[in-house]
Amino acid sequence: MSAVSAPLRVRRIQRSRRRVQLNLRELWAYRELLFFLIWRDVKVKYKQTALGAAWAIIVPFLTTIVLTLVFNRGLHLHSEYHVPYPLFLFTAMLPWTYFTACLSASSMSIVGNQNLITKVFFPRLIIPLGSVVAPVIDFLCAFTVLVGMFLWYGRAPHWHAVVIPAFLGMALLTAFGVGLWLSALNVRYRDVPYLLPFLTQIWFFVTPILWGITAVKPHTQSLLALNPMTGVIDGFRWAVLGRGLPHYHVYLESLGIGLAITLSGLWYFKRVERYFADLI
Amino acid sequence: MFSISAHGLAKQYRIGQMHSSIDTLRDHLVHGLRTLRTGRTKRETIWALRDVSFEVAEGEVLGIIGRNGAGKTTLLRLLSRITEPTAGYADIRGRVGSLLEVGTGFHQELTGRENIFLNGAILGMGHSEIQRKFDEIVEFAGVEKFLDTPVKRYSSGMTVRLAFSVAAHLEPEILLVDEVLAVGDAEFQKRCLGKMESFGQSGRTVLFVSHSMPTIARLCPRLLLLDRGRLVEDGPAEHVIGRYLHGDLGTSARRVWRDHDSAPGDDWARLRSARIVDASGDTSDVVDVSEPVGVEIAFDLLRREVVFPWIDLVDERGTLVFSAMDTNPVWTEARDPGRYVTTAWIPEHLLNEGTLHVSVSVKSPLLGRKPWRHAEVESALTFHVVEREGPTARGAFAGRIGGPVRPLLRWTSEALDVEDDTPLVARPRSD
């Protein structure tokens, strides 16, 4: 009995040429594995924790409270928005918490899955990709707090809210790009776990989280928008709060930088992925 | 029609790269500076696989044998696309499933049911395919009752059974299997063997790596023999196994020093041959955990003196497992010059699985200023201890058991009546 009826495709295994190929078709063929890896990460994440998925809510919520106590001292960091400072802060903490969760997950993703990398073949890209999709669940949990805050302050959502997914997508793109770099670099240089807390801390202060982007002059805004998270946070705030004017130039600039990071990350990742199994 | 057609496959590793290469940026900077100073960069490399060409027909079951480090696993890793060849190429017709390890990606926190789906997806099965075979997988593993229990509560035997069962239901056109049968209890191993046989009979192509000669001879009509990365033999199973076990090349279980003058030793004694023998006295570099193994040493005594043979066993990590001297009373007195043969029998159930290097020597007691090491060859012999079947110190445990030795101990145990204030020790007998 032959298990084969249709003629089979012949695949040649050889040293890949220098040109980087994305091979999206293969990525698509492994979409179920991507789904299962995300499902595993979500499922396992809060196993054996006392508070479980509540952590996804507690962390941004408590951070917001603490930061409010420290910074809401008549600094008028958010004066143009005319909203309570906790609300102002939490709208930024939401995408920011998502972003940092992505970075810590994806930077360790390749090394953390070394048992898979060294034992089975699959497109390696799905690992950092999964690391930025799984935290979306946490994001959605924390989003309910935002809804609660709106009710608490007696506010109605603005129609701008329909573009929230677009800014979440932008955060995902940026996180994916940075995650590609970090995950691939970490295979070779185990300095990444030491670098990351420092990186996110600095990044936190140069991103308009505690303060509004309108606090600085327009040409400084363009400079700040070189940080792709500037566009994400400011856009998110605009969409959620429905206050102020959209800063299109900031969004576009940040999107461009985010894309550049992702494309270069893809290029680097694809270039070095063939050594993962040997180096890990 | 071919299923796999390999042409000059080669894989080069940088030394150290194969195991751990946790290098940091600092190491690179230091390396770069050193390169600047010396003007050249020194990179030690080894060929894990070199110029390997072969063809496997559709539906053929092919075995791959060779010593540790011969390149067997590297070959499977290349064919399953885990890593790339440095040179050469292989054409592969059809979907490849690789089983380099049982239970890859099993997650301890997930339940049996969840792990079946996760592991199936990792091995390349689609969701619907797993769903179709789900009942069969569960039945084969015999874990019906524990499907919704996290795998961390499973016994290791159950975990292995479940993992193998998922893998066994994979249906690619080409299956690559690495030594997975060395797990589980004897009864389950038999079922696995049966499953592997039916793989071969179902028209699928199977590549099978193993240390177990009986298993591989039973499953594979044709074998490849690899030695230090090169393909040295390709042919019928009995022929290749014969060359591996008794040949000059495949085995390092026998050493002969034919020329008296160049034989290792001094003017007291010279070594003439050494070999590893199995229970029936045949040279063998693969011995079973549950069989005794002998180290036979032949040497010429050149003058009437007190000498005795001596062996040291060192494991793969360089740890001395033990040293032993021939304690037979005949060696306590000076003996006439001539040729002597002695065999040290290492009992069954003492050595752990793995590769052992044997140093053989002829020594004499430390007396005054007389020389005491006369003939010594470090790592003269190498042999592999494998586990085939039957009761061993492994019990039902399937994972790796550490340590250079693995004795089958006698255990005594009893159930205690524990009252609240009873200290946790066995009670002294009252009689």
Filter result (of a type in the set (K, R) and at pLDDT 90 or above) within segment A:85-126: A:R124
For segment B:299-309, name all the residues that are touching a residue at least 40 places away in the same chain (Cβ under 8 Å) and surrounded by fewer than 18 Cβ atoms within 10 Å (Cβ to Cβ). B:E305, B:V306
How many of the residues in segment A:13-35 are more than 9 Å from chain B (Cβ to nearest Cβ), in a loop (DSSP other than H, G, I, E, B) and without any contact (Cβ under 8 Å) to a residue 40 or more places away in the chain? 3
Is it fair to say A:L226 is at pLDDT below 90, of a type outside the set (F, W, Y) and either over 19 Å from A:Y98 (Cα atoms) or outside any helix (DSSP H, G or I) (or both)? no
Output the residues belonging to segment A:106-157 that are polar (S, T, N, Q) and either over 29 Å from B:G103 (Cα atoms) or touching a strand residue (DSSP E or B) at 6+ places or on another chain (Cβ under 6 Å) (or both). A:T144
Which count do you get for residues in segment B:307-319 that are more than 14 Å from B:G294 (Cβ to Cβ) and part of a strand (DSSP E or B)? 5
Having 2 or more residues that are surrounded by 21 or more Cβ atoms within 10 Å (Cβ to Cβ) and among the acidic types (D, E) is the bar; report the helices (runs of 4 or more DSSP H) wholly within segment A:36-114 that clear it. none
Only one of B:G142, B:G88 is at positive phi, facing chain A (nearest Cβ under 8 Å) and modelled with pLDDT of 85 or more. Can you tell me which? B:G88
Does A:L103 fit the bill of being in contact with a helix residue (DSSP H, G or I) (Cβ under 9 Å, 6 or more places away or on another chain) and farther than 21 Å from A:V232 by Cβ? no
Within segment A:139-161, work out how many residues are hydrophobic (A, V, I, L, M, F, W, C) and either surrounded by 15 or more Cβ atoms within 10 Å (Cβ to Cβ) or touching a residue at least 60 places away in the same chain (Cβ under 8 Å) (or both). 10
Suppose we filter segment B:320-370 for residues that are assigned to a loop (DSSP other than H, G, I, E, B) and either touching a strand residue (DSSP E or B) at 6+ places or on another chain (Cβ under 7 Å) or of a type in the set (D, E, K, R) (or both); how many remain? 12
Being farther than 30 Å from B:F54 by Cα, among the small types (G, A, S) and facing chain A (nearest Cβ under 9 Å) is the requirement here; does B:G105 meet it? yes
Conditions (1) touching a Gly at 6+ places or on another chain (Cβ under 6 Å); (2) over 30 Å from B:R161 (Cβ atoms); (3) at pLDDT below 85: number failed by B:A396: (2)
Here's a check for you: in segment A:170-184, which residue that is within 19 Å of A:A277 (Cβ to Cβ) and in contact with a Phe, Trp or Tyr (Cβ under 6 Å, 6 or more places away or on another chain) is surrounded by the most Cβ atoms within 10 Å (Cβ to Cβ)? A:L180
Is at least one residue of segment A:185-199 acidic (D, E) and buried (at least 17 other Cβ atoms within 10 Å of the Cβ)? no
With the requirement that a residue be assigned to a loop (DSSP other than H, G, I, E, B) and buried (at least 24 other Cβ atoms within 10 Å of the Cβ), what does segment B:270-284 give you? B:S284
Quick test for you: out of B:G103, B:G112, B:G66, pick the one residue that is among the small types (G, A, S) and at pLDDT 90 or above. B:G112
Would a scan of segment A:42-55 turn up a residue that is within 14 Å of chain B (Cβ to nearest Cβ), within 22 Å of A:T200 (Cβ to Cβ) and of a type in the set (K, R)? yes
When you check A:L182 against the structure, is it touching a residue at least 24 places away in the same chain (Cβ under 8 Å), part of a helix (DSSP H, G or I) and either within 21 Å of the chain's Cα centre (by Cα) or at negative phi (or both), yes or no? yes
Filtering segment A:144-170 down to residues that are more than 15 Å from the chain's Cα centre (by Cα) and either within 14 Å of chain B (Cβ to nearest Cβ) or within 30 Å of A:W28 (Cα to Cα) (or both) yields A:V162, A:V163
If you take the residues in segment B:202-236 that are within 14 Å of another protein chain (Cβ to nearest Cβ) and closer than 21 Å to B:V52 by Cβ, which one is nearest to the chain's Cα centre (by Cα)? B:V209
Answer yes or no as to whether B:E291 is under 19 Å from B:P404 (Cα atoms) and touching a residue at least 40 places away in the same chain (Cβ under 8 Å). yes
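The values are calculated or read from the model by the stated rules, or taken from the named source; none is laboratory data. Everything numeric in this text was worked out from a predicted model, so none of it was measured. Cβ sites come from the backbone with ideal geometry, for glycine too, and all protein chains shown count toward neighbours.
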